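Trainee: One structure follows; several queries about it will come next.
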């Protein structure tokens with residue numbers, strides 16, 4: 001905001017660098033420990049004050065007072081109210097001759113950020129105090145008799161992680177207020193100060209006594225770990241960059257997407273397709289159902305339609321997946337141990353490189369052990385809603401700590417994360433595909449994983465409507481009468497309870513079987529009198545099952561059908 005117009009005086013020049021400022025504060029001796037003051041206020045006022053540090057003046061927040069209380073004394077030198085605060089600020093940085101102290105003797109003034117009804121949410125270094133009648137801070141509500149006239153400008157040192165997440169909201173609203181009211185027990189400063197018997201609930205802007213300030217400083221200094229320093233630096237790098245917003249497909253375009261998908265996907269209920277499209281545009285979706293219903297094809301087709309041919313990647317899960325496959329981790333490459341990226345990091349990079357959605361399709365999800373592979377996935381995707389998605393600080397720090405021993409994807413990830421933060425996550429959509437056949441032989445997908453998705457089931461057809469919708473495309477070498485026979489037979493099989501409880505006569509299996517008999521007819525090896533017999537054999541091979549009871553049930557159904565000479569519905573084996 002101020003560019004080079006306002007610069008630090010000696011000996012404070014290096015404190016323009018947040019890391020050096022933090023190192024100075026961490027290494028202060030007891031005689032130079034900071035004076036601690038508290039600035040209490042409403043959640044809405046603090047939300048906008050901290051937003052100012054992200055969008056107004058990078059790394060600096062402001063706090064103010066209306067001066068309405070008669071108990072606030074006027075400083076006899078500066079003429080500014082809050083004599084105690086001004087004295088501590090002046091005496092901590094100037095000697096008796098009004099000369100600036102050197103860093104080793106300076107006693108900085110630290111302000112604690114306190115949200116009424118929530119607790120201590122962060123702290124910063126008070127850099128200047130202003131008495132300003134001309135200007136108001138636009139997001140602090142004023143009235144005819146209440147004006148915010150005194151402002152403390154504060155270099156932000158640390159903000160609690162849960163508050164950093166809440167600050168990603170664009171506006172202060174009921175949802176933000178609700179989030180604030182729920183986080184008291186999660187706040188690190190609240191826990192630290194309580195452990196040190198500091199239960200002070202401030203009513204006004206005020207300072208602790210010197211002996212209490214030293215004790216409180218020793219407690220709160222423990223949050224200034226290297227990980228938290230890195231997290232704060234990233235936090236203030238990210239908002240000021242040119243963040244690319246997600247080009248979410250407008251809901252008005254859903255019909256256009258639906259029409260394009262219907263051209264390729266036949267036989268699936270239109271209401272299910274519409275629900276899937278809307279769900280995948282707004283968040284993560286899990287498609288479940290029997291094999292052969294075109295779930296993976298549907299996921300890929302949606303991704304191509306919305307995001308283009310380069311707008312998705314497909315990964316097929318397996319039992320050997322670990323955290324390294326999904327997130328990333330250490331590996332040995334050419335005799336060197338290094339950190340390599342999993343497909344989620346790669347998907348983040350692809351999303352960061354685009355101005356549209358990027359889709360990650362995970363096929364056969366339940367073939368992977370969720371506990372081994374998806375632990376951090378749970379944390380990053382904490383709900384189906386993209387606004388809740390956050391990259392883990394611990395993961396970013398882990399990658400950073402590998403230094404030069406990173407693959408190219410990891411290096412790009414760090415570059416993009418410093419630039420865009422969590423924004424690319426919100427352009428990422430995960431579509432998981434899961435078959436319900438043989439679930440007892442595969443890994444269990446529990447509620448913890450399923451809650452990260454909107455679950456949409458594509459059910460097995462109960463009649464032959466799907467095949468009828470494909471009849472014109474299926475003819476080819478077959479006559480209308482032959483296609484009608486096949487449709488009639490499929491309807492019979494699907495109504496047979498002895499078959500339906502063992503397997504789904506899926507659209508994909510039927511289409512594949514029809515293509516087989518079409519090819520047989522083209523080659524001249526299909527006996528038209530044995531059309532349904534040949535179709536039944538082709539269908540058995542297309543279902544991809546080896547259950548002899550199902551094979552027997554299909555053969556019995558075929559016998560009943562042929563004996564009746566027409567549609568003949570039988571529920572018996």
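Trainee: How large is log10 of I(q)/I(0) for the range 251-457 at q = 0.07, 0.13, 0.14 Å⁻¹ when the intensity is taken from the Debye formula with one equal scatterer per alpha-carbon?
Mentor: Results for the range 251-457 at q = 0.07, 0.13, 0.14 Å⁻¹ read -0.21, -0.72, -0.83.
Trainee: Sticking with this one: Can you compute the FRET efficiency between residue 209 and residue 378 using 1/(1 + (r/R0)^6), with r the Cβ-Cβ distance and R0 = 51 Å? Round to the nearest 0.05.
Mentor: Result of the calculation: an efficiency of 0.65.
Trainee: Still on this structure: Looking at the range 251-457, what % of its DSSP beta bridges pair antiparallel, to the nearest 5?
Mentor: 25
Trainee: Let me ask something else about it. Please sort 484-496, 503-515 by packing, taking for each peptide the average over its residues of neighbouring beta carbons within 10 angstrom, highest first.
Mentor: On the way: 484-496: 20.4, 503-515: 22.6.
Packing order, densest peptide first, comes out as 503-515, 484-496.
Trainee: Can I ask one more? Take the alpha-carbon centre of the range 179-223, take the same for the range 75-116, and report the distance between them in whole Å.
Mentor: Taking the Cα centre of the range 75-116 as reference, the centre of the range 179-223 is 20 Å away.
Trainee: Please work out which option in [x] 0.94; [y] 1.14; [z] 1.34 gives Cα Rg over 2.2 N^0.38 Å calculated from these coordinates, and answer with its label.
Mentor: [z]
Trainee: What's the angle, to the nearest 10 degrees (0 to 90), between helix 408-420's Cα axis and the longest principal axis of the chain?
Mentor: 60
Trainee: Could you list 184, 548 so that the one with the fewest beta carbons within 10 Å of its beta carbon is first and the one with the most is last?
Mentor: Working: 184 12, 548 8.
Ranked by crowding around the Cβ, least crowded first: 548, 184.
Trainee: Something else about it: At a 10 Å Cβ-Cβ cut-off, how would you order 429, 390, 146, fewest neighbours first?
Mentor: 146, 390, 429
Trainee: For the chain, what relative contact order do you get, as a whole percent, if you take Cα pairs closer than 8 Å and at least 6 residues apart?
Mentor: 13
Trainee: Antiparallel as a % of all DSSP beta bridges within the chain, to the nearest 5?
Mentor: Approximately 55 percent, going by the DSSP bridge assignments.
Trainee: Angle, helix 254-264 long axis vs. longest principal axis of the chain, Cα atoms, 0 to 90°, nearest 10?
Mentor: With rounding to tens, the tilt is 30 degrees.
Trainee: Quick one: Cα centre-to-centre distance for the range 342-413 and the range 503-525, in angstrom?
Mentor: So the two Cα centres are separated by 41 Å.
Trainee: Kindly express, to the nearest 10 degrees and within the range 0 to 90, the angle between helix 343-352's C-alpha long axis and the longest C-alpha principal axis of the chain.
Mentor: 70
Each reported figure results from applying straightforward, stated rules to the coordinates on display, with no laboratory input. If you're wondering where the values come from, they're calculated on a predicted model, not measured in any experiment. Every residue, glycine as well, gets a Cβ built from its backbone with ideal geometry; the counts of neighbours run over all protein chains shown.
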